[in-house]
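To start, the structure under review is shown below, and the notes come after it.
The values are calculated or read from the model by the stated rules, or taken from the named source; none is laboratory data. Keep in mind the model is a prediction, meaning the values are calculated, not measured. A quick note on method: Cβ atoms are made from the backbone with ideal geometry, for glycine too, and the neighbour counts reach across all protein chains shown. We work out accessible area using only protein heavy atoms, side chains counted, and drop any ligands, DNA or RNA first. Shrake-Rupley method; radii C 1.70, N 1.55, O 1.52, S 1.80 Å.
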Amino acid sequence: MKKHIYIYSPSGAVRDKAAFKRGVSRLEKLGHEVEIDEAALASHLRFAGDDDTRLAAIHRAAASGADVALISRGGYGLTRILDRIQYKKVAKAVDKGMLFVGISDFTAFQNAVLARTGAVTWAGPALCEGFGVADTPDDIMEACFDDLISGQGEGAGWRQHREPARNATNSVAVSARETGASADFGVKNAVIWGGNLSVLVSLMGTPYFPDVKGGILFLEDVAEHPYRIERMMTQLLQAGVLGRQKAIVLGQFTDYKLVPHDRGYKLQSVVDWLRLKLKTPVLTNLPYGHVATKVILPVGAKTNLWVEGRDAMLFWGHA
């Protein structure tokens with residue numbers, strides 16, 4: 001099904017022009033009409049143009065009438081201009097059916113839109129890292145994107161990490177297991193929200209951090225050591241954000257390096273600690289993040305979550 005896809009750059013400058021061209025070409029080969037924003041390849045310092053340029057690109061995307069507004073890449077830059085975005089225009093475009101799709105720094109835009117208007121945007125690929133890869137784009141990512149733009153996307157399922165064997169006499173391990181995700185449960189009509197952990201935490205204390213209670217919070221990050229992940233999780237915990245949710249869903253945390261000083265401290269240590277601190281279930285291994293294989297998630301939509309053992313499923317397309 002042919003769709004009109006608008007490509008724009010609200011964050012970092014596109015340095016890999018070959019990936020950009022490959023991404024556009026692949027979308028066109030899939031039969032879509034691709035419109036490229038006039039400033040998509042602009043560059044100012046590390047940004048895709050100065051603040052005014054990137055702000056104007058967002059508003060042009062919202063006014064384009066496209067079916068999909070897809071960012072070229074993430075990076076950094078959206079938090080600088082959140083106070084100047086015309087959110088009513090964005091929400092109006094969403095009401096007319098436009099799908100705003102992106103990842104990473106796009107978390108700032110998505111949660112600001114949710115906080116200011118309640119409109120739904122989509123956590124998914126960017127042009128360069130999703131469709132512009134040197135090899136063949138991931139088939140699951142492509143299938144999820146196709147389901148989204150064809151109106152057939154209804155949910156996402158995955159299998160959580162297998163819990164490592166632990167000594168039953170270790171009280172921390174026992175508590176983590178008892179409050180973990182192994183028990184079957186369900187959540188109905190909960191708002192799903194979140195995205196990149198670092199970007200989300202940077203919004204706390206601003207008007208662009210959503211006040212979601214009883215939600216499903218999904219999180220991912222890249223190039224952050226587990227202790228930094230725990231530090232940011234601690235901020236969300238102590239601010240009361242994590243405890244107000246019905247479930248915490250951890251995606252992929254990639255491209256970090258453990259060091260001898262860690263002495264066994266790793267990402268699983270963070271998960272265990274969170275489960276010890278929270279009554280809220282903490283799920284793992286959601287296929288979303290800075291990885292090739294990723295699902296697409298509706299930020300701000302009412303969603304159902306069902307868990308049976310290690311198997312988990314999110315539904316938003318139907319009751």
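Which order do you get for 310, 162 if you rank them by accessible area with a 1.4 Å probe, largest at the top?
Result of the area sort, largest leading: 162, 310.
Using every Cα-Cα pair within the chain, state what percent have a distance larger than 29 Å.
It works out to 35 percent of all Cα pairs.
Quick one: which of 91-101, 231-241 comes out on top by average Cβ neighbours within 10 Å, and what's the full order, highest first?
With the highest mean Cβ count within 10 Å placed first, the list reads 91-101, 231-241.
Can you put 148, 267 in order of accessible area, largest first, using a 1.4 Å probe?
Sorted by accessible area, descending: 267, 148.
Carbon-plus-sulfur fraction of the accessible area of the stretch 42-90, 1.4 Å probe, in percent?
Here carbon and sulfur together make up 47 percent of the probe-accessible area.
Can you spot the lysines whose alpha carbon is less than 27 Å from residue 2's alpha carbon? Ignore those fewer than 8 places along the same chain.
17, 21, 29, 89, 92, 96, 294
Take the Cα of residue 292, step 7 Å along the line toward its Cβ, and report every residue of the stretch 110-132 whose backbone nitrogen sits under 19 Å from that point.
Within reach of a label on residue 292: 124-132.
If packing is taken as the average count of other Cβ atoms within 10 Å, what order do 127-134, 205-212 fall into, highest mean first?
Output ranking for 127-134, 205-212: 127-134, 205-212.
If r is the Cβ-Cβ distance from residue 261 to residue 36 and R0 is 41 Å, what FRET efficiency results, to the nearest 0.05?
Efficiency for this residue pair is about 0.30.
Taking the Cα centre of the chain as origin and charging only Cβ (+1 Lys, Arg; -1 Asp, Glu), how large is the dipole, in debye to the nearest 20?
Once rounded to the nearest 20, the dipole reads 660 debye.
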